[in-house]
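Rule-based calculations on the coordinates, nothing more; no lab input. Since the model is a prediction, treat every value here as computed from it, not as a measurement. Glycine also receives a Cβ, built like all others from the backbone with ideal geometry; neighbour counts cover every protein chain displayed.
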Amino acid sequence: MLRRTLLASAALGLSLMAAGTAMAQDKVKACFVYVGPINDGGWTQAHHIAVLKTQEHFGDKVEVMWQENVPEGADSERVMTQMALGGCNIIFTTSFGYMDPTNAVAAKFPDVKFEHATGYKREHPNVTTYNARFYEGRAVNGTIAGMMTKSNKIGYIASFPIPEVIQGINSSYLHAKKMNPAVEMVVVWAFTWNDPAKEADAAQALIDQGVDVIFQHTDTTAPLALAAKTPGVIGFGQARDMEEYKPSPRVSSIIDNWEAYYIKRVQAVMDGTWESQDSWDGLAAGAVGIGEITGVPDDVKAAAEKVRDDIIAGTYHPFTGPINKQDGSVWLADGQVATDGDFAGMNFYVEGITGDIPQ
Amino acid sequence: MGDINLSVLIASLMVASVPILLAALGEMVTERAGVLNLGVEGMMIMGAICGFIVAVGTGSPLLGFVAGAAGGAGISLLFAVLTLVFLANQVATGLALTLFGLGLSALMGQGYTGIKPPATAEIDFGALSEIPFLGRVLFSHDWVVYFSLFMVVAIWWFITRTRAGLVLRAVGESAEAAHALGYKVARIRLGAIAFGGAMAGMGGAYISLIRVPQWTDGITAGAGWIALAIVVFASWRPVRVLIGAYLFGGITVLQLNLQAAGSSIPVEYLSMAPYLVTIAVLVAISAGRGRNTDAPAALGQNFHSVR
């Protein structure tokens, strides 16, 4: 009898503790899983800058921890488990390939909050997904590309065939074509986020094929470093301003600003108000920024800034019909605007882009 | 493939292959002396950062390559001390060397991201580079490309045509026998390890100074492992190492170009092609004669002379 009472009170104690974690906390440990090194010059560095600012914002109230170079897949699951066991209250996993591992680990640690960047699976109440509307930035860069290309060939170094990347390819192409109907989009799949030599090789292959404007959806500055060797070739900063390649080959950039989001979410854990959600902000909310436009004629700059300002003002949506799919079927009728559902599952090129998306 | 300019493709593949070629040649010499150093990746990345730091500091890419070689050789001496003096397991030590090199290079590289290294000019061959096709293929490169080709010939000549090369091979085939003949096994292996380190370091420096050119943590991204594999599949012969490196580099460049040229071959097949084709071709040319005797007989075995 005594033993049963003991067990019951222990269970009660445990449930009280569990309830306690759901309430407001004085000190939060926020942990971050990175796919690349914190000085990759792009994606991971942009996250890390935001993390350091988050730490600065909260001071002693928040402890941050991060791990770099975590491969997508089983390794990441181990890292997340370690973090959860190590007392992290909220874990941000910052690459698409962490999607299933994040959900798997979240199932085992219901009291820990998980935030997965760029994914779409929220299988448990303690999983949130967050992303930014990079395609809005691509619309601005695409406008520049269409006006600047002399060979009428623009290239895209794509990482993996996931909706976010395909949104970027379609948005870049649509806006380049709007400025220059003769423009042709050349896509190279690198199947990596972070491999400077391969990214440089991909940029070289594009240049060899006559491309003179290079978009990248990989994480390092290698494509710009390579483009700098060939006069007349331009590119764009990705994830971070990449201002070291100003004024050219980097003529503008898409800047990821995660800071506001991280502060908001860590605050929510602190206040006990954290809830699972899907966050997807863009230019208007400042989650995506456009880097200073340099090294291009004034009219190009003005046209690009107009696209940016119209998107911010809400008077223009980058995917406004009529837009057909690659096979010629109608995707968006005249005046129709793409919905978030359309974006989440985007797995097709728009009309005019040649080639197949790897499955 | 109609859209792909063959001369441009060959010129690109020669550049893309240099890091793997240099590292694989160095590792081949090391393994010919009976030492299996799995730390190629670590030595390459040390060469990449040492070369980068010195090239940025002095403004001289040439000094950068010297420093890259020194950095690779320097870290390889760690391996040499552990395996030759303390007789540590070569496989474990080599793996540790890679991890150590990746970490140390990241530490040394703090503050070097976002910096552009001094450019290495392509050698000016004047009228020769105007020759159609051959001019672009043969006479449009920086000096390291020619150096790597020179090293193929030099190492081939050294291993197969010189007495010192024979001694090196003897050490790799049977350290006991070489020792009995009075050759200093440890000293010869030390030289081979340092040479392998220097070549890997130069290969790494080529990535950070010319091919990319910038510093990022982990910039070698597995090139060292490819070099190791090529040595095995090339059955420890210099010319086959060249073939292997050019095949791998060539198909990597070709598959990207095919994608860019709008090839109808599915991207998945193109992406795996460099690995598959390189292995298939090297296995094919190495198959048949003397397959089992290709590897140096004493490869991976430590030797300690009992005095």
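Which ordering of B:Met43, A:Met346 is given by a fewest-first count of other beta-carbon atoms within 10 Å?
In increasing order of surrounding Cβ atoms, one gets A:Met346, B:Met43.
For chain B, find the longest principal axis of its Cα atoms and tell me its angle to the long axis of helix B:6-32, 0 to 90°, nearest 10.
Helix B:6-32 and the main axis of chain B meet at about 10 degrees.
Taking chain B as the reference, fit the longest principal axis to its C-alpha atoms, fit the long axis of helix B:238-260 to the helix C-alpha atoms, and give the angle between the two in degrees, 0 to 90, nearest 10.
Between helix and principal axis, roughly 30 degrees.
For every other residue with a beta carbon closer than 12 angstrom to the beta carbon of B:Ser105, add +1 if it is Lys or Arg and -1 if Asp or Glu, then tell me the sum.
Working: positive: none; negative: B:Glu41, B:Asp217.
Spelling it out: positives minus negatives among the neighbours equals -2.
For A:Lys301, go through the lysines and keep the ones whose alpha-carbon is under 27 Å away, minus same-chain ones fewer than eight residues off.
Excluding near neighbours in sequence, the set is A:Lys150, A:Lys153, A:Lys177, A:Lys178, A:Lys229, A:Lys246, B:Lys116.
With n ≥ 4 as the cut-off for DSSP H runs, can you work out [θ] at 222 nm for chain B, using -39500 (n - 2.57) per run divided by the number of residues, rounded to the nearest 500?
Numbers: 12 runs with 202 residues, N = 307.
Per the formula, -22000 deg cm²/dmol.
Checking the cross-link filter: which lysines have an alpha carbon closer than 21 Å to that of A:Lys61, excluding same-chain neighbours under 8 positions apart?
Hits, sequence-local ones excluded: A:Lys27, A:Lys29, A:Lys53, A:Lys113, A:Lys264.
How tilted is helix A:2-22 with respect to the longest principal axis of chain A? Cα atoms for both, answer in degrees (0 to 90, nearest 10).
With rounding to tens, the tilt is 30 degrees.
Quick one: A:Asp60, A:Asp342, A:Asp40, fewest Cβ neighbours within 10 Å first, how do they rank?
A:Asp60, A:Asp342, A:Asp40
Once the piece of chain linking B:Val91 and B:Leu276 is laid out straight, how much longer is it, given 0.36 nm per residue of separation minus the C-alpha distance between them? Walk me through the numbers on the way to the answer.
Numbers: separation 185, 0.36 × 185 = 66.60 nm, distance 2.53 nm.
Between B:Val91 and B:Leu276, full extension yields an extra 64.1 nm.
Just to confirm my numbers, what's the Cα centroid distance between the range A:303-327 and the range B:114-190 in Å?
Value for the Cα centre distance between the two parts: 56 Å.
Within the set of other residues whose C-beta is less than 15 Å from the C-beta of B:Phe195, count the net charge using Lys and Arg as +1 and Asp and Glu as -1.
Overall, the nearby charge balance is +2.
Multiply the residue gap between B:Leu62 and B:Trp157 by 0.36 nm, knock off their C-alpha separation, and tell me the result in nm, one decimal place.
Value of the extension gain: 31.6 nm.
Return the calculated 222 nm mean residue ellipticity for chain A, to the nearest 500 deg cm²/dmol, obtained by summing -39500 (n - 2.57) across DSSP H runs with n ≥ 4 and dividing by the residue count.
Mean residue ellipticity at 222 nm (helix-derived): -12500 deg cm²/dmol.
Net charge around B:Leu38, counting only other residues with Cβ within less than 15 Å of its Cβ (Lys, Arg = +1; Asp, Glu = -1)?
Local net charge: -3.
Sequence neighbours fewer than 8 away in the same chain don't count; with that in mind, list the lysines whose C-alpha is under 17 Å from A:Lys108.
Leaving aside lysines fewer than 8 places away in the same chain, those within reach of A:Lys108 are A:Lys121.
Suppose R0 equals 22 Å. What FRET efficiency, 1/(1 + (r/R0)^6) with r the Cβ-Cβ distance, do B:Asp294 and B:Leu166 give to the nearest 0.05?
Details: r = 17 Å, r/R0 = 0.78.
E(calc), rounded to 0.05, equals 0.80.
If I take R0 = 56 Å and measure r between the Cβ atoms of A:Gln25 and B:Leu181 in this structure, what FRET efficiency does the formula 1/(1 + (r/R0)^6) give, to the nearest 0.05?
The pair A:Gln25/B:Leu181 has a calculated efficiency of 0.15.
Is the range A:64-133 best put as rounded, prolate or oblate by its Cα gyration tensor, with a ≥ b ≥ c the root eigenvalues, rounded for a/c under 1.5, and otherwise prolate when a/b is larger than b/c, oblate when not?
rounded
Can you list the cysteines of the protein assembly as shown that have no other Cys Cβ under 4.7 Å away?
Taking the Cβ cut-off of 4.7 Å, the unpaired cysteines of the protein assembly as shown are B:Cys50.
Among B:Leu77, B:Leu82, B:Leu13, which comes first, second and so on when ranked by fewest other beta-carbon atoms within 10 Å? Don't skip to the answer; put the middle values down first.
Values: B:Leu77 14, B:Leu82 18, B:Leu13 23.
Fewest-to-most Cβ neighbours within 10 Å comes out as B:Leu77, B:Leu82, B:Leu13.
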